[in-house]
Amino acid sequence: MQEEFQGEARQPEALEFEADQVSYEYERVPALRGLSLRIKAGERIALLGANGSGKSTLLRLLDGLHFACAGTLRFRGAALTEAAMEDDAFAFQFRRRVGLVFQNPEIQLFNPTVFDEVAFGPLQLGWPREEILERVHATLEWIGAEHLKDRAPYRLSGGEQKRVAIASVIVLDPDVLLLDEPTSMLDPRSQSQVIELLENWNNGKKTIITATHQLEILGEIAGRAVVLERGAVVADATPAEVLANSEVLESANLIHSHRHQHGGVPHKHPSQYLRHEHPKS
Amino acid sequence: MHIPDGYLSPSTCAVMYAASAPCWWAALRRTRRKLFGRTLPLLSLFAAFSFVTMMFNLPLPGGTTGHAVGVGIAAIVLGPWASLLAISLALTIQALFFGDGGITTLGANCFNMAIAGSFAAWAIYHVVSLGAAPDARRRVVAAALAGYGAINLSALLAAIEFGIQPMLFHDAMGAPLYAPYPLRIAIPAMMAGHLTIAGAAEAVMSAGLFSYLRRNEPALVGISPLAVAGAERGARNLWGALAVVLLLTPLGILASGTAWGEWTARDFANSAARARIAAASGNHALPAAPPVGLARWANLWTAPLPDYAPHFVKSAAFGYLLSAMFGVGIILGAAWLGQRLMKLAKPRSEP
Amino acid sequence: MSAGVMAKTVRGFTQALGQTLLSEHAAREHGLLQALDPRVKLVGLLALVVAAALSRRLNVMVALFGLGVLLAVASRLSLLALAKRVWLVALGFTAMIAAPALFLTPGVALYRLPVGSLAITVQGARSALLLIARVESAVTLSTLLVLTTPWMHLLKALRTLLVPVEVIVLLAMTHRYVVLLTETANQMFESRQSRMVGRLSGQQQRRLMVNTGGVLLSKTLEIGNQVFLAMQARGFRGEVRLLDEFRLRGWDYVAMFGFAMVAVAAVVAGR
């Protein structure tokens, strides 16, 4: 099954996305301001930010669902504009290569059965019937949901729903996977199942961009952390470096300092995720 | 108002499907052309909303509860074509999945409620609100009337479909094969419940949702967000108006003579009556014999209380009042009965 | 009438949701009808419903009803549940509607009431019986179809009846969101109920219901827009496509033949 998910061979270090001073606003509320970012093939990136920081919006721009009001966003050199997406050939290629898993299962899972959900993508892209059937069954088996195929997605548990949501996107074998808060609202066991699934799928060749505000999983899911605050990039470094930078984290509303006492001595921690020593009282 | 299987003959069902099909087809083509693809999820969502709305038990003035269909607000927001699709979808789900309303009669139900209802609601709303300011109360009243009118039109169509069954479809002995009540019973029986309860429920829902949308999402009801201002009251004025009309009915006692046009065949033979008719008609000469149609059809129906006076009551005025009380009592009783029937007609309820 | 109306509405929602659960359960049993191809079931059972509708004879309708009962047993459906949810309910409302017809249908008097001048006519009695029999057999057969077939299979089978693909997808999506909106409305009402102290006036309740409707409508539109994005993200460009896994097998051909024979016989005998 691993062979199924090889995708196109890409040169390491080839540029997948290039955002140059991208701005986007919705109903006169700015969501992205002059954001610049370069993403290379094979990177695993975490987009960190609080609600309203623009990370969901950025994912949607990267997936060609909304288009920049100012600045340019390129995918493999081609500008991602509304006009570009109207071209069938370009659109089909793009949709095949880039996939987005929405956070909300009510939105991501709009089909009546799990089978239909996973078959939707290949069906829209016009694959031949037999190939679709084969790929759908293979994917369902791979994520361990074959026995659920005739069930309604809304009847599944949170963890099962998330696995089906991911399956519905990886069935197309994209090169780039965009995930919007994949583990929030999941219990710890489901969380680690999802993270493991993504690791197995990745196998080092895919580009994965995960938007999240959960700092505790950062190290597991990414090799590069980009912090967003109010629509712009405020930090771009390795997870360890970003986690150590409590100023940025606090400003971006990803942590808050908390105070407690050790035997009569109050002190302040920048973040509970950092290793630290308590002062000996 | 949802007609179940078995009440309409197959040919009636086929005719209603044939009437609905071109409307569905035309609606699909129109919505397909607009904003390709975007309307698909919106239609489904609106249909789902309509379906859920149909389950609300709306408390109405007077202590009854009713159910709205949502056709009023759907027609105003989506326009008649998309609305007829959305309501048809909701009705189809109800029939197919929940067994509420028949499958053979789905064409008829869609025609009555989704198609005729949508166009009626849309037309009434636009006519009544013509020229009104965006925040005018008249728009809310228009929405209420749109819902009310649509439901009653649907009920009337259903009543007609019911009522023609015994006339057209009976066995050798004369027993009706399908719905057993002729027009003269079917129409009043159905309209009683809808003119009062179901119509009121739809009016309340349409007006209420319209107000809500005008305040929160004005673009949806075709109003620029900047134009909405001020407080609005609901259609309470409508109820006030109806109550006033009800109280004024005894004024009828003061009228004398026979209303113009309400003559019997016998009046044409009576010379005193002839003189009165001629005087009331600009002194036009009367034909010697009653018109053929009048003679034939005038005695089709003998009312239980002819001329508003039961034969044992000597005073005309008292007879009139008695008839009024009886009439109102019948309407309210029929409304109550109609509501019980509608409740029983939902297979979801536990017996 | 304070919590009464809202409680009733919440109960209605719960029942509707329960109905969906019941159908999913019945469709997974290993019975006769469940094993058939959905297309065969759709056309076959609908043909029988039409035959019941066309029939002018009581015995044909009763025979079709009996067949329905046999099929229900063979498909491991609980007759008790069917009786409660389908037969008694249909009997109840049909009897209420048909009862006045006993007296009002003109014709030969069968039985005169001791008081007044009302009489049950032969034609009235026949008409009432025919109506009840017709409704019961039609309702039984259509319920069999719905209970023994997974919902999505039923919708996809509609292609056989030349229903356009868009309509099927629309129906599927509508159904999916009916469940979501019903749950949402349920939660809204329940949370209101738990916060309610004392009675609300009729007008207050009306306002509450309408406001709930309004919030639900806003949510509806929001979801609708978002779902469009999600569909686009997976390649949807306006053309609707469907995929089914239906394959006809031996038993399906036998069933097709059986349905055809019974339907034709019923139509001929019922004239």
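We did not get these values from a lab; they are worked out from the coordinates using the rules stated. Not measured: the values here are computed from a predicted model. We place every Cβ from the backbone using ideal geometry, glycine too, and count neighbours over all the protein chains shown.
Structural remarks
- Cβ crowding within 10 Å ranks C:Val254, B:Val69, A:Val98 as C:Val254, A:Val98, B:Val69, fewest other Cβ atoms first.
- Net charge of neighbours whose Cβ lies under 14 Å from the Cβ of A:Gln108, counting Lys and Arg as +1 and Asp and Glu as -1: -2
- As a rough footprinting exposure proxy, the listed residues C:Ser117, C:Ser75, C:Ser127 were ranked by other beta carbons within 10 Å of their own, and the order from fewest upward is C:Ser117, C:Ser75, C:Ser127.
- Nonlocal amide H pairs with C:Leu110, under 5 Å, H built at 1.01 Å: C:Ile120, C:Thr121, C:Val122
- Packing-based ranking of B:72-78, A:189-195, B:155-161, C:187-193 yields B:72-78, B:155-161, A:189-195, C:187-193, ordered from highest to lowest mean Cβ neighbour count within 10 Å.
- Among the listed pairs A:Lys149/C:Lys219; A:Lys149/A:Lys205; C:Lys156/C:Lys219; C:Lys84/C:Lys156; A:Lys162/A:Lys206, those beyond 23 Å (Cα-Cα): A:Lys149/C:Lys219; A:Lys149/A:Lys205; C:Lys156/C:Lys219; C:Lys84/C:Lys156
- Expressed per residue, the C-alpha convex hull volume of chain C stands at 198 Å³.
- Counting Cβ atoms of other protein chains within 10 Å of each Cβ in B:2-9 and taking the mean gives 6.
- Taking one quarter of the surface of the C-alpha convex hull of the stretch C:174-227 gives a mean projected area of 4.1 nm².
- Derived scalar couplings ³J(HN,Hα) [the stretch A:54-68; Karplus, 6.51 cos²θ - 1.76 cosθ + 1.60; whole Hz; x for Gly, Pro]: x, 5, 5, 4, 4, 4, 5, 5, 4, 8, x, 9, 10, 10, 4
- Taken along its three principal axes, the alpha carbon spread of the stretch A:164-254 comes to 40, 28, 22 Å, from the longest extent down to the shortest.
- Overall dimensions of the stretch A:2-269 as given by Cα atoms, namely Rg and Dmax in Å: 19.3, 71
- Pairs of Cα atoms in the stretch B:10-236 fall into 10 Å distance bins, from 0 up to the last occupied one, in shares of 8, 31, 35, 18, 6, 1, 0 percent.
- Look at A:Val171, C:Val115 and count the other Cβ atoms within 10 Å of each Cβ; fewest to most, that gives C:Val115, A:Val171.
- Summary of packing: across the peptides A:126-132, A:75-81, the per-residue average of other C-beta atoms within 10 Å ranks them, highest first, as A:75-81, A:126-132.
- Using C-alpha pairs under 8 Å with a sequence gap of at least 6, the mean separation divided by the residue count of the stretch B:10-236 gives a relative contact order of 21 percent.
- Charge dipole (the stretch A:2-269, unit charges on Cβ, about Cα centre) - positive-most of A:Gln103, A:Ala31, A:Ile195: A:Ala31
- Relative to the longest principal axis of the Cα atoms of chain A, the long axis of helix A:158-170 lies at roughly 60 degrees.
- Long-range amide H partners of A:Ser23 with built H, under 5 Å: A:Gly34, A:Leu35, A:Cys69, A:Ala70, A:Gly71
- The alpha carbons of the stretch B:80-123 stretch over 31, 15, 11 Å along the principal axes, in descending order.
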